[in-house]
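S.K.: This is the structure I want to talk about, given as structure tokens.
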Amino acid sequence: MRHKENLAKVVRQLELQGESVTSGWVHEGSLKPYYENLEKVQEMAQGVVSSVLEADIFVLISDAEGTDMFIELGICLAKNKITPDSVKIYIIGEHSKRSLMQLHPSIKHLRDIEELFKEEKIERGDFVFPNFS
């Protein structure tokens, strides 16, 4: 959530390049405290699982905080176990190797979003890549 504004910029750029972004959580407001917004939280959680399962490419922006990103990562790893190589998994940033599962051999580690665009051959145009540090 801390990087939500910068992620929304990247999503807009990807969509301008004709890419489809399956997850829409970057456009949602905060639902904390979660238990007080239980119905909306449960709906969003189901949507996140569905969007991760639909993805061909999963990108985790590493952070010193946060927990849900690891659940989403686990969903992708399980998807690849059931259907090998069904999703490309990237982890970006300086906190990309802080847990056991982040070092799974299915994961490619990148420095930043710019490197991801190059890796996936996505045109950047005059887009200025935000900093996720």
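S.K.: Mind checking which residues of segment 109-128 are surrounded by 13 or more Cβ atoms within 10 Å (Cβ to Cβ) and under 12 Å from Gln17 (Cβ atoms)? I'd like the intermediate steps shown before the answer.
M.R.: We begin by selecting, within segment 109-128, every residue surrounded by 13 or more Cβ atoms within 10 Å (Cβ to Cβ); these are 109-110, 112-117, 119-120, 122, 124, 127.
The answer is Phe117, Glu120, Ile122, Arg124, Phe127.
S.K.: So, one more: Looking at (1) among the acidic types (Asp, Glu); (2) more than 13 Å from the chain's Cα centre (by Cα); (3) under 22 Å from Leu100 (Cβ atoms), which is the only condition Glu72 fails?
M.R.: (2)
S.K.: Among the numbered criteria (1) modelled with pLDDT under 95; (2) β-branched (Val, Ile, Thr); (3) not in a helix (DSSP H, G or I), which one does Val41 miss?
M.R.: Looking at each condition in turn, Val41 falls short on (3).
S.K.: A further question on this structure: Out of Leu14, Leu7, Leu31, I need the residue that is among the aliphatic types (A, V, I, L, M), out of contact with any strand residue (DSSP E or B) (no Cβ under 6 Å at 6 or more places or on another chain), outside any helix (DSSP H, G or I) and surrounded by 12 or more Cβ atoms within 10 Å (Cβ to Cβ). Which one?
M.R.: Details: Leu14 fails: outside any helix (DSSP H, G or I); Leu7 fails: outside any helix (DSSP H, G or I).
That would be Leu31, the only listed residue that is among the aliphatic types (A, V, I, L, M), out of contact with any strand residue (DSSP E or B) (no Cβ under 6 Å at 6 or more places or on another chain), outside any helix (DSSP H, G or I) and surrounded by 12 or more Cβ atoms within 10 Å (Cβ to Cβ).
S.K.: Quickly run through segment 116-133 and pick out the residues that are assigned to a helix (DSSP H, G or I) and more than 15 Å from the chain's Cα centre (by Cα).
M.R.: Restricting attention to segment 116-133, the residues satisfying the condition of being assigned to a helix (DSSP H, G or I) are 116-119.
The answer is Lys118, Glu119.
S.K.: Can you tell me which residue in segment 54-108 is least open to solvent (accessible area, probe 1.4 Å), limited to those that are free of Cβ contacts under 8 Å to residues at least 24 places away in the same chain, part of a helix (DSSP H, G or I) and not small (Gly, Ala, Ser)?
M.R.: Among residues in segment 54-108 that are free of Cβ contacts under 8 Å to residues at least 24 places away in the same chain, part of a helix (DSSP H, G or I) and not small (Gly, Ala, Ser), the one least open to solvent (accessible area, probe 1.4 Å) is Met69.
The values are calculated or read from the model by the stated rules, or taken from the named source; none is laboratory data. Predicted model, so just to flag it, every value in this text is computed and none were measured. Please note: Cβ atoms are built from the backbone with ideal geometry, for glycine as well, and neighbour counts cover all protein chains shown. Just the protein is used for accessible areas: all its heavy atoms, side chains included, with ligands, DNA and RNA removed. Shrake-Rupley method; radii C 1.70, N 1.55, O 1.52, S 1.80 Å.
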